[in-house]
1. Going by the conditions given, is Asp165 acidic (Asp, Glu), open to solvent by 20 Å² or more (accessible area, probe 1.4 Å) and farther than 20 Å from Pro39 by Cβ?
2. Hey, could you check the range 178-192 for residues that are assigned to a loop (DSSP other than H, G, I, E, B) and out of contact with any Gly (no Cβ under 6 Å at 6 or more places or on another chain) and say which is farthest from Ser110 (Cα to Cα)?
3. Output the qualifying pairs, or none if there are none: Cβ atoms under 6 angstrom, residues six or more apart or on different chains, first residue in the range 44-58 and under 12 Å from Ser168 (Cβ atoms), second residue open to solvent by less than 30 Å² (accessible area, probe 1.4 Å) and modelled with pLDDT of 95 or more.
4. Looking at Val128, Val87, Val117, can you tell me which residue is open to solvent by 60 Å² or more (accessible area, probe 1.4 Å) and β-branched (Val, Ile, Thr)?
5. Answer with yes or no whether Val34 is within 15 Å of the chain's Cα centre (by Cα) and crowded, with 23+ Cβ neighbours inside 10 Å.
6. Of everything in the range 133-147, what is under 16 Å from Leu116 (Cα atoms) and either surrounded by 13 or more Cβ atoms within 10 Å (Cβ to Cβ) or in contact with a Cys (Cβ under 9 Å, 6 or more places away or on another chain) (or both)? Give them in sequence order.
7. Within the range 193-231, track down each residue that is open to solvent by less than 40 Å² (accessible area, probe 1.4 Å), small (Gly, Ala, Ser) and in a helix (DSSP H, G or I).
8. Return the pair list, or none, for Cβ contacts closer than 9 Å from residues in the range 68-95 that are closer than 19 Å to Phe107 by Cα to residues that are assigned to a helix (DSSP H, G or I) and of a type in the set (Lys, Arg), at least 6 apart or on different chains.
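The values are calculated or read from the model by the stated rules, or taken from the named source; none is laboratory data. Keep in mind that this is a model prediction, so the values were computed, not measured. As a convention, Cβ positions derive from the backbone with ideal geometry for all residues, glycine included, and neighbour counts pool all protein chains shown. Side chains are part of the model used for accessible areas, which takes the heavy atoms of the whole protein and leaves out ligands, DNA and RNA. Shrake-Rupley method; radii C 1.70, N 1.55, O 1.52, S 1.80 Å.
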Amino acid sequence: MPDQPTIVFVHGAFAESASWNGVIERLGAAYDSVAAANPLRGVASDAAYVRDVVRGIGGPVILVGHSYGGMVVTQAAADEPSVRALVYVNAFCPDTDESALSLSGKFPGSTLADTLVQYPVSTGGNEVAIGQDSYHAQFAADVSADLAALMARTQRPITEQALGDKLSGDPAWRSLPSWFVFGDADKNIPVAVHRFMAERADPRGQREVVGGSHAMAVSTPSEVAETVIEAVRGVSG
């Protein structure tokens, strides 16, 4: 249909744009999509970059965020008239003045902190990544060991600043339709946090995947693709 939106995928920390490959493959040629390379430097600047991508597309879009990417798409969609909907995939869905760090600790259960390695960066502050030996169990327990090892080696680190940055302004999910899909075995963001965020946002669709890790775009791409298709159909006239 002529007004079908383009899907813009935004990865989070410790992943990269190719983490969406399985979802994009399942969507097939019927859906236009772009996997943006999220800089992972800070919420405001990352959102500005995603907004540039959206404006470059030049038509209606649906923003799909994973993990910290949920922070970014929520900020990027604010006052951006071409955004038609938001899809949160094991993602943070913040309200005003909430950060990824504050949300992940809202309920107990995250084991991420103990797996992180950090080092200073020349622009100031520290950058963090998940230790190679911890990545499989922490991030992607439901994928093969070989694939998890590859994902660990290609992960994109994130700045500590980005994890602590707060959402500014009103959250876009208050005015846009949203869809949620998340796993109940997510070790980065506890499932209680996912349920809390989803209930607060009152989404049009919600999927909870039994045994789903934080890396569901890789481990269960069909579930993610189905949610994205629901969003496309929900806003296409």
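1. No: the conditions fail for Asp165.
2. Taking the candidates together, the pick is Asp184.
3. These pairs meet every condition: Ala47/Val72; Ala47/Gln75; Ala47/Ala76.
4. Result of the check over Val128, Val87, Val117: Val117.
5. So Val34 does not fit the description; no.
6. Residues satisfying the conditions are Ser134, Tyr135, His136, Ala137, Gln138, Phe139, Ala140.
7. The answer is Ala198, Ala201, Ala217, Ser219, Ala225, Ala231.
8. Cys93/Arg200; Asp95/Arg174; Asp95/Arg200
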